[in-house]
Amino acid sequence: MTTGNATKRYETPNHPFQGERIAEEAGLVDRYGLESKEELWRAQSRLRDFRREARRLLGAAQGDVEAANEQGDEFVARLRKIGILNENDDITEVLGLDETDVLERRLQTVVYRQGLASTPQQARQFLVHGHVTVDGARVTEPSKFVTVAEEDTIEFDENSVLADELHPARAEGQDE
């Protein structure tokens, strides 16, 4: 029996048996080392929420981008903080985002992109096994969103066997 909030945090596809969509999803699941399509659907739902909020702000401003930017300052600042938008992007850029923009901000992907792991799957394993810290705190959640400020503080835990640069698991991905 589960406890807590029983609400799903994602929406499943309306048409579950579309070959093209299934193949595209399988490619993204493999590329980002996701455990299941549920994680992809969560990212898509989060992106849908971002777009919905941007459309709401643009609609409230009746298409006036400047007014929408003023009303949505907090919203745009939050997206900039988590690295979804660049500093010079405005609210209209949110409508052009896709799920890869959201997936790129997951801790698992950032660990892989920084070269701490040789594959996204290995990055997930390092995280789940508690080898990685963010800002000095051990994080075991691969789906954690990494802010731009936290990005430079990601490293191996000093007590982890992987802190040793000569560890066999680290030597695989280091071709420098």
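For the reader, a short list of remarks on this structure follows.
- Count of residues meeting criterion [in a loop (DSSP other than H, G, I, E, B) and on the phi < 0 side of the Ramachandran plot] in segment 7-40: 16
- Restricting the first member to segment 72-95 and to residues that are within 17 Å of Gln62 (Cβ to Cβ), and the second to residues that are open to solvent by less than 10 Å² (accessible area, probe 1.4 Å) and assigned to a loop (DSSP other than H, G, I, E, B), the beta-carbon pairs closer than 7 Å and six or more apart or on different chains are Ile91/Gly72.
- Residue identified as farther than 22 Å from Leu79 by Cβ, among the hydroxyl-bearing types (Ser, Thr, Tyr) and not in a loop (DSSP other than H, G, I, E, B) among Thr109, Thr133, Thr140: Thr133
- Checked across segment 133-141, the condition of being within 26 Å of Leu85 (Cβ to Cβ), of a type in the set (A, V, I, L, M), open to solvent by less than 40 Å² (accessible area, probe 1.4 Å) and within 16 Å of the chain's Cα centre (by Cα) holds for at least one residue.
- Qualifying position, being free of Cβ contacts under 8 Å to residues at least 60 places away in the same chain, part of a loop (DSSP other than H, G, I, E, B) and touching an Asp or Glu at 6+ places or on another chain (Cβ under 7 Å), among Ser45, Ser118: Ser118
- Qualifying residue in segment 147-160 (condition: closer than 30 Å to Ala77 by Cβ, open to solvent by less than 40 Å² (accessible area, probe 1.4 Å) and in contact (Cβ under 8 Å) with a residue 60 or more places away in the chain): yes
- Hits in segment 19-53 - residues which are of a type in the set (Gly, Ala, Ser) and open to solvent by 30 Å² or more (accessible area, probe 1.4 Å): Gly19, Ala23, Ala26, Gly27, Ser36
- If you go through segment 54-91 and keep only what is assigned to a helix (DSSP H, G or I), over 23 Å from Val146 (Cα atoms) and open to solvent by less than 80 Å² (accessible area, probe 1.4 Å), you end up with Leu57, Leu58, Gly59, Ala60, Val65, Ala67, Ala68, Asn69.
Residues are listed down the side, and each one gets a yes or a no for (1) of a type outside the set (Asp, Glu); (2) under 28 Å from Glu38 (Cα atoms):
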residue: Asp98; (1), (2): no, yes
residue: Thr119; (1), (2): yes, yes
residue: Arg124; (1), (2): yes, yes
residue: Gly130; (1), (2): yes, yes
residue: Ala137; (1), (2): yes, yes
residue: Phe145; (1), (2): yes, yes
residue: Ile154; (1), (2): yes, yes
residue: Val161; (1), (2): yes, no
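- Residues that are touching a residue at least 24 places away in the same chain (Cβ under 8 Å) and open to solvent by 50 Å² or more (accessible area, probe 1.4 Å), drawn from segment 106-115: Tyr112, Gln114
- Here Val128 passes the criteria (1) hydrophobic (A, V, I, L, M, F, W, C); (2) within 13 Å of the chain's Cα centre (by Cα); (3) open to solvent by 20 Å² or more (accessible area, probe 1.4 Å) except the one numbered (2).
The values are calculated or read from the model by the stated rules, or taken from the named source; none is laboratory data. Source: prediction; values computed, not measured. With ideal geometry, Cβ positions are generated from the backbone for all residues, glycine too; neighbour counts draw on all protein chains shown. Just so you know, the surface numbers come from the protein's heavy atoms only, side chains and all, with ligands and any DNA or RNA stripped out. Shrake-Rupley method; radii C 1.70, N 1.55, O 1.52, S 1.80 Å.
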